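For reference, the structure is listed below as structure tokens.
The values are calculated or read from the model by the stated rules, or taken from the named source; none is laboratory data. Nothing here was measured: the structure is a model prediction, and the numbers come from that model. Positions of Cβ are generated from backbone atoms using ideal geometry, with glycine treated the same way; all protein chains shown enter the neighbour counts.
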Amino acid sequence: MGVLTEEIKQRGLEVLSSHGNSKLLTHLNSCVHCGLCSNSCVYYKVDADEHYVPAKKVDIVASIYRRYNTFLGKTLPKLTNARDLDETSIDELVDLLFGSCTMCGRCTLHCSIGVDIGYVVRKGREMLSAMGYVPKTLQATVDAAIETGNNMSISTEEFVDTLKWLEDDLQYELDDENANIPLNEKSKNVMYTLNPREPKFFPLSISAMAKVFYAAKESWTLSTEMYDVTNYAFFSGNMDEANIIAQRMDTEMKNLDATKCVLAECGHGSRAYKWEGPNYLGRKLPYEVTTSVELLAQYIRDGRIKLDPERLSEVVTLHDPCNLARSGGVIEEQRYILSHVTKNFVEMTPHGVDNFCCGGGGGQLAMSEYNERRMKIAKVKADQIKSTGASIVATPCHNCVDQLTQIDQHYKLGVKIMTLAELVADALVLDEEKK
Amino acid sequence: MFWYHWMMIVSLAISMLACLAHIIKLIRLGKPIDYSQKAGDISSAIKYSFTKAMSPAKKESAYLHLPTYTAGIIYHLGTFLSIFLFFMIILDLHELLNTVLDIVIIGFLALSTISGIGILIKRLSKKTLKALSNPDDYISNILVNLYQLATAYVLFDSSAIVIYTMITSALLLYLPLGKLKHAFYFFAARYHLGYFYGWRNVWPISNHKN
């Protein structure tokens with residue numbers, strides 16, 4: 001990572017000392033070290049090590065803030081454990097903020113004071129990013145998105161080829177040559193986005209959504225220029241890079257003159273564009289931004305698609321992606337959708353805003369150096385799934401799909417992981433002539 | 001007025017000015033500008049943040065730790081009561097309290113001090129808490145414990161006024177410096193949390209079945 005020069009250090013400290021508003025100042029000064037947040041964290045639940053207490057993650061960021069910004073921190077640093085920003089504290093910061101936190105925000109919800117712990121971790125990551133201390137693996141994912149337009153470095157040719165064979169299959173399945181996967185078409189109602197994991201590993205989830213669009217008679221398109229819903233710079237803490245990625249999406253919406261930007265089933269992706277995107281760009285977006293979960297629920301409500309809940313006999317449970325539910329307010333829609341695709345739905349305990357993270361959030365899936373830890377904390381989710389007795393785990397997030405698939409293998413759960421679009425597509429009742 | 005009265009008044013003035021500086025800074029910085037499309041009701045969410053979201057039914061930090069939560073509530077009630085009595089003492093109104101009320105208050109302050117000591121013992125004995133703690137945590141706890149105890153003592157024996165004013169002055173001067181300043185940052189934190197979750201329609205939780 002190079003030598004920590006005074007100039008680099010100042011760049012990091014600037015993140016903590018510059019206050020555009022009172023939010024950071026508030027949360028850096030509020031923690032009382034009661035430690036009651038410990039049981040809310042999946043890391044602490046599986047390994048009751050003091051380093052995994054969420055307050056410890058707040059404290060290491062706050063301790064550096066105190067050292068350079070408060071009277072006691074400057075004069076009597078030992079009194080408040082105000083720490084110097086040096087190689088030792090940076091190593092600890094990287095391990096705690098990148099390697100021991102999925103930024104799921106569950107601790108925030110349960111904090112006795114109301115400290116936004118996830119926010120402080122994000123600012124800590126921003127500080128590390130400003131100094132160039134983002135784990136290489138995570139930075140590589142961001143670099144791929146910046147350089148190639150998607151985080152999996154899929155070439156346009158490969159992407160178009162994949163979509164073409166998916167379209168052929170869709171036309172064959174539906175026996176209709178008008179069943180399309182439109183590309184770069186202008187002035188459509190919907191510009192749909194994808195998680196690059198879809199064209200790379202789960203192409204059938206693209207055809208599932210295409211089938212739903214077909215059934216709903218939606219006017220939609222995909223873009224070959226910008227389809228990547230993810231924004232890993234949200235996790236790395238590099239706001240300039242987060243801005244570049246968000247700007248691309250905004251530009252493509254304008255180029256294609258679409259009415260609505262529909263974000264694919266991706267927890268952090270939907271958060272990064274719907275909620276954080278306008279703030280990266282510093283302006284309101286002149287079009288509607290919605291998640292595919294909300295869109296699917298709307299199709300059902302409006303009677304644009306018909307579903308048969310009797311078709312699926314297996315027991316289904318739901319994993320709420322943290323960024324979609326707890327930090328995004330999409331909580332009832334996924335349940336409404338599932339109530340139309342199955343009569344055998346069972347909730348996890350806890351669920352909704354209180355759900356446990358699967359362990360794949362916060363960029364953990366991109367940081368292979370923490371794989372062992374990631375699979376260890378996944379035990380909490382594995383136990384949750386096991387106790388539902390379900391054989392299908394639905395989740396509206398491709399990152400979660402990836403992690404849950406690995407959990408299934410690691411903990412030998414014998415469950416099938418599916419997105420909502422896949423479940424909806426399977427339950428679709430098409431018009432008689434299109435069956 | 002004696003020297004110790006002046007000491008307490010000067011400490012109060014310094015403390016209030018320093019606390020005011022913190023509060024003015026927070027107000028001047030204001031809330032974040034959010035350019036995303038608001039989805040919920042912020043006022044209801046902020047109200048929820050200060051009420052139901054704090055209840056033992058909603059917070060793991062409360063329902064998984066009921067003894068600590070209860071001790072914490074009693075401890076804080078004891079502090080609020082001591083602050084109220086502080087103003088009665090400096091305004092020379094404490095003579096208005098009758099003997100029965102004095103006994104009830106002293107009893108409650110004894111209970112709240114025991115709660116505070118219990119919290120201190122937990123901090124000293126639990127490995128995870130000890131690792132999280134710094135001298136400020138201990139000083140803050142001990143100062144508040146002594147303050148509550150001194151309040152009880154001065155109600156019992158008015159000749160303890162010198163020791164009471166010394167402890168109170170120390171507490172007042174330390175308040176804006178260490179973790180005791182959560183006394184006002186707490187409100188800002190709950191406000192920001194309510195604002196954030198309200199904007200995104202996560203809170204109030206009654207908006208959702210789950």
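Which residue is farthest from A:Gly114 (Cα to Cα), if the candidates are limited to the stretch A:53-70 and must be at the interface with chain B (Cβ under 9 Å from one of its Cβ atoms) and assigned to a helix (DSSP H, G or I)?
A:Ser63
Looking for something of a type in the set (Ser, Thr, Tyr), touching a Phe, Trp or Tyr at 6+ places or on another chain (Cβ under 7 Å), assigned to a loop (DSSP other than H, G, I, E, B) and within 9 Å of chain A (Cβ to nearest Cβ) - is there at least one such residue anywhere in the stretch B:31-53? Show your work before the answer.
Filtering the stretch B:31-53 down to residues of a type in the set (Ser, Thr, Tyr) leaves B:35-36, B:43-44, B:48-49, B:51.
After this cut, where a residue has to be touching a Phe, Trp or Tyr at 6+ places or on another chain (Cβ under 7 Å) as well, the list is B:36, B:48-49.
With assigned to a loop (DSSP other than H, G, I, E, B) added as a condition, the list becomes B:36.
Remaining after also requiring within 9 Å of chain A (Cβ to nearest Cβ): B:36.
Yes, the stretch B:31-53 contains a residue that is of a type in the set (Ser, Thr, Tyr), touching a Phe, Trp or Tyr at 6+ places or on another chain (Cβ under 7 Å), assigned to a loop (DSSP other than H, G, I, E, B) and within 9 Å of chain A (Cβ to nearest Cβ).
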> So, of the residues in the stretch A:1-43 that are facing chain B (nearest Cβ under 7 Å) and within 16 Å of B:Thr128 (Cβ to Cβ), which turns out to be surrounded by the fewest Cβ atoms within 10 Å (Cβ to Cβ)?
Replying inline: A:Asn39
>> touching a Gly at 6+ places or on another chain (Cβ under 6 Å) and outside any loop (DSSP other than H, G, I, E, B): is that true of A:Phe213 in this structure?
In response: no
> How do the pairs read when you match residues in the stretch B:77-96 that are free of Cβ contacts under 8 Å to residues at least 24 places away in the same chain with residues anywhere that are in a helix (DSSP H, G or I), using Cβ under 7 Å and keeping only pairs 6 or more apart or on different chains?
Replying inline: B:Met88/B:His94
> Residues in the stretch A:76-95 that are surrounded by fewer than 18 Cβ atoms within 10 Å (Cβ to Cβ) and over 18 Å from B:Leu180 (Cα atoms): how many?
Replying inline: 8
> Looking at the stretch A:228-269, which of its residues are farther than 22 Å from A:Leu97 by Cα and within 13 Å of another protein chain (Cβ to nearest Cβ)?
Replying inline: A:Ala246, A:Asp250, A:Lys260, A:Cys261, A:Leu263
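Can you find a residue that is basic (Lys, Arg) and crowded, with 22+ Cβ neighbours inside 10 Å anywhere in the stretch A:207-227? Full working, then the answer.
Residues of the stretch A:207-227 basic (Lys, Arg): A:211, A:217.
Then keep just the ones that are crowded, with 22+ Cβ neighbours inside 10 Å; that gives A:211.
Yes.
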> Which of the residues belonging to the stretch A:151-164 are farther than 22 Å from A:Ala140 by Cβ and touching a residue at least 24 places away in the same chain (Cβ under 8 Å)?
Replying inline: A:Val160, A:Thr162, A:Leu163
>> So, A:Ser327, is that one under 19 Å from the mean Cα position of the chain (by Cα) and not β-branched (Val, Ile, Thr) or not?
In response: yes
>> Please go through the stretch A:71-113 and give me each residue that is under 19 Å from B:Ser133 (Cα atoms), touching a Ser or Thr at 6+ places or on another chain (Cβ under 8 Å) and within 8 Å of another protein chain (Cβ to nearest Cβ), ordered by number.
In response: A:Leu72, A:Thr80, A:Asn81, A:Cys111, A:Ser112, A:Ile113
>> Quick test for you: out of B:Phe184, B:Phe196, B:Phe156, pick the one residue that is in contact (Cβ under 8 Å) with a residue 12 or more places away in the chain and within 14 Å of chain A (Cβ to nearest Cβ).
In response: B:Phe184
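Only helices (runs of 4 or more DSSP H) wholly contained in the stretch B:101-210 count here; list those with 1 or more residues that are closer than 28 Å to B:Leu20 by Cα. Spell out how you get there, then give the answer.
Working: elements: B:127-132, B:135-156, B:161-174, B:182-199.
The qualifying helices (runs of 4 or more DSSP H) are B:135-156, B:161-174, B:182-199.
Looking at the structure I just gave you, is A:Gly20 at pLDDT below 95 and of a type in the set (Gly, Ala, Ser)? Step through it out loud before you land on a result.
On the way: at pLDDT below 95: yes; of a type in the set (Gly, Ala, Ser): yes.
Yes.
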> Does the stretch A:285-307 hold any residues that are touching a strand residue (DSSP E or B) at 6+ places or on another chain (Cβ under 8 Å) and more than 14 Å from chain B (Cβ to nearest Cβ), and which are they?
Replying inline: A:Ser292, A:Leu295, A:Ile300, A:Ile305, A:Lys306, A:Leu307
>> Give all pairs with beta carbons closer than 9 Å in which a residue from the stretch A:1-22 that is in a helix (DSSP H, G or I) meets a residue that is surrounded by fewer than 15 Cβ atoms within 10 Å (Cβ to Cβ); count only pairs at least 6 apart in sequence or on separate chains.
In response: A:Ile8/A:Gly2; A:Ile8/A:Gly132; A:Lys9/A:Asp86; A:Arg11/A:Gly132
>> Given (1) within 8 Å of chain B (Cβ to nearest Cβ); (2) of a type outside the set (S, T, N, Q); (3) assigned to a helix (DSSP H, G or I), identify the lone condition not met by A:Ala272.
In response: (1)
> Quick one: would you say B:Lys58 is more than 7 Å from chain A (Cβ to nearest Cβ), among the basic types (Lys, Arg) and either buried (at least 16 other Cβ atoms within 10 Å of the Cβ) or closer than 23 Å to A:His19 by Cα (or both)?
Replying inline: yes
> Can you name the residue in the stretch B:79-137 that is small (Gly, Ala, Ser) and in contact with a Phe, Trp or Tyr (Cβ under 9 Å, 6 or more places away or on another chain) and is also surrounded by the most Cβ atoms within 10 Å (Cβ to Cβ) among such residues?
Replying inline: B:Ser112
>> Which of the numbered conditions does B:Ala150 fail, given that it passes all the others? Conditions: (1) among the aliphatic types (A, V, I, L, M); (2) away from every other protein chain (no Cβ under 11 Å); (3) surrounded by fewer than 20 Cβ atoms within 10 Å (Cβ to Cβ); (4) without any contact (Cβ under 8 Å) to a residue 60 or more places away in the chain.
In response: (3)
